[in-house]
1. Let me check against my output: what whole-number percent is the relative contact order of the chain, with C-alpha pairs under 8 Å and at least 6 apart?
2. Where the accessible area of the chain is counted over protein heavy atoms with a 1.4 Å probe, how much of it, in %, is carbon and sulfur?
3. For the chain, what is the accessible area per residue in Å² when the probe is 1.4 Å?
4. What figure, in Å² to the nearest 10, do you get for the accessible area of LYS81 with a 1.4 Å probe and non-protein molecules left out?
5. Measuring from centroid to centroid over Cα atoms, what is the spacing of the range 58-126 and the range 29-55 in Å?
6. log₁₀ I(q)/I(0) of the range 53-122 at q = 0.15, 0.26, 0.28 Å⁻¹, via Debye over equal Cα point scatterers, no solvent, to two decimals?
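The values are calculated or read from the model by the stated rules, or taken from the named source; none is laboratory data. Quick caveat, the model's predicted, so the values are computed rather than measured. SASA here: full protein model, heavy atoms, side chains in, ligands and nucleic acids out. Shrake-Rupley method; radii C 1.70, N 1.55, O 1.52, S 1.80 Å.
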Amino acid sequence: MSWQTYVDSNLVGTGSIAQAAIYGVQGGVWAASSGFALQGNEFQDLAQAFQDPSGIRANGLYLGGTKYFTLRADPRSIYGKQGAGGVVCVKTGQAILIGTYGDGTAPGEATKVVEALADYLISVGY
């Protein structure tokens, strides 16, 4: 299965995720939904936040040009809120999964989708 299939089927295809991307931990886009891309230093800031979340706790998290208020930040998961939507970011051994959701989706629904794919990727060595 290609990385794009994971984005299209396992994330966006669930109906709970509006836009998604999978990045390598070291950088580089493995797959992304159409029109969704991180800008400038957004990836570096996100990757750093898994080790030291103080910056995003104080200033918010910017992804795809959108600022999210940080709700949770630990070495595995970062959750953010923006208006009625939000973002779920999960780090595996080799990848960082990002999924945004809109106001029609409960935060727990979106979280379950992204966390489940992360669990699967971890179980197969990613």
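1. On the way: 233 pairs, mean separation 30.0, N = 126.
About 24 percent, as a whole number.
2. Details: 2930 of 6010 Å².
Carbon-and-sulfur percentage of accessible area, whole number: 49.
3. Values: 6010 Å² over 126 residues.
Spelled out: the 1.4 Å probe surface of the chain, per residue, equals 48 Å².
4. Only protein atoms counted, so the area is about 60 Å².
5. Here the two parts' Cα centres lie 11 Å apart.
6. At q = 0.15, 0.26, 0.28 Å⁻¹ the computed log10 ratios are -0.44, -1.21, -1.32.
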